[in-house]
Amino acid sequence: MGSDPLFGTHMVRSLLRDFQHAIRALSRRPGFALVALTTLALGIGANTAVFSVVNGIVLSRLPFREPDRLVTLGGSFISNAELLYLQENARQLADVAAYSPGWGMALTSDGEPIQLTAAKASVNLLGMLGVSPVLGRGFQSEESTPGRDRVVLLNHGFWRDRFGGDSAIIGRSITLDGSPFTVVGVLPSDFQLYSQSAAQLLIPVTIDPAAWYHKGQNALGVARLAPGATASTALTELRSHLPTIREANGFTADYGNGFTFVSLSDYLVGPVRTMLLVLLGAVGFIVLIASANVGNLLLVRATERHREVAVRLAIGASRVHVIRGIAAESLLLALGGTLIGFGLAVAGVAVLRRLLPADMPRISAVHVDARVLFVCAAVGLLVGAVALLPALMSTRANPGEALRSTRGDPSLRRGARLRGALVSTEIALALVLVVGAGLMVKTLWRLSSVDPGFQSARVLTFRLQPSAPRSSGEAYQYFTRALDEVAALPGVQSTGGIHHLPMSGYNWWADIDVEGRPLAAG
């Protein structure tokens, strides 16, 4: 049995009339419409903006090939010697790579000299991750050998800002720390590994078994599990290799005690996952409070229109028609609040990306995508569904009783009870938010009062990197002269130097021998 086109046309026209009446009704009460739209827009906008952050950092998959099979060696540092051994002997690992962030380099060509942050990566890292440069190529196997390692990959943002996005950069030579490096590729814009700020340069790890640094543990290990392998089986195999690695490299007896395999996703996002989910929950409470507020506003409006609805029912209007008219108002408010809220969310995401710490993991993945759009629409529909309750309550009026008196109408008493329930819900949710905010402020206050062991007041810092390799003696003279010149500036009381600033996220350590006090054997 086919559908009647005339019936469909009549329904469309009827719905259009409902929306026209709803627009006129809301325009007669601009104050009510403005308050309802503002309340909804703020709640939906805040929820969508925070969800965008949670979605980009926590919920979305890492932009690597088969990210669920990627693991990190628990954040432990490994040496080039360990890297080679694991690549050759670990059967539970399909591939093993190394990544070492936080290397300072000076660019002294192509414009004004600047200080840059570089990362070192084993030549197989990008291939193991399934990352392809957007321009040029990745590292080749022979570029890990001394003399052939003077190649560099540029961070996408640095390439755009420093070189104007010039595609002719491939094959060009740039001067880093006084040495020529050939640009072989440009990384994707979303490439960021580990929780440090994105490096502007990526250079290959140099593998030289005869070098003094070959056994130095200065790189983070990342691996891909072999088919059928798990983090547990890979760790069991690794532990079986520890005695051999320890004996071959002269490591101490406690070598490898803290080794563990952690999924790369957990390692990257784990430190901030709970914080972001708590923030999303708090914003979800705000959306519920906004919904309850709008529901209360609509209930009050339904009470004001109680006699109007009773008259319309008394003269023959059907309850369905009345519900459709009031529901059209609720839907318009929900739709308007959602659209305005989405605009606020887009602006809020841009603000959050600037306010969040630069070393926040996966900050480049925070943006408004299809999933965020869906959540925004779903929240708007949920609010619209809540707003239908007043429509249902107001149409249950008894026309005769409503026209005779407004005091004794049971539907009004039911509306009052519902308003009371909504107010109680708002108070309960607001109380939870206030208590949570109070506890958070107390925690921050206590953290701010902890003595870090140094005073940061009236202390200025800057990075200083020699433009060319220097011997230890030359480097000492270079930094000593620089500090002397800074100390001579007006207002400077004292100067000092350090390799990495305290609490910057980077640390260096090394064994030392105290003259006249040899280390005990073993």
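Would you give the gap between the C-alpha center of segment 350-366 and the C-alpha center of segment 115-164, rounded to a whole Å? So the separation of the two Cα centres works out to 23 Å. Where both bridge residues fall in segment 100-249, DSSP classifies roughly 65% of the beta bridges as antiparallel.
Here the spin labels are modelled as points 7 Å beyond Cα on the Cα-Cβ line, and at GLN465 and GLU142 they lie 2.8 nm apart.
Packing here is the average count of other Cβ atoms within 10 Å per residue, and on that basis the peptides 235-242, 153-160, 350-357, highest first, run 153-160, 235-242, 350-357. Counting only Cα atoms, segment 107-148 measures 35, 26, 17 Å along its principal axes, largest extent leading.
Let me check against my output: what whole-number percent is the relative contact order of segment 129-217, with C-alpha pairs under 8 Å and at least 6 apart? Don't skip to the end; give the middle numbers.
Working: 129 pairs, mean separation 35.5, N = 89.
This gives 40 percent for segment 129-217.
Annotation: peptides 39-50, 337-348, ranked by per-residue average of other Cβ atoms within 10 Å with the highest first, follow the order 39-50, 337-348.
Just so you know, all these numbers are worked out from the coordinates, no wet-lab data involved. Bear in mind the structure is a predicted one, so any value in this text is a computation, not a measurement. Here Cβ is always computed from backbone atoms with ideal geometry, including for glycine, and neighbour counts include all displayed protein chains.
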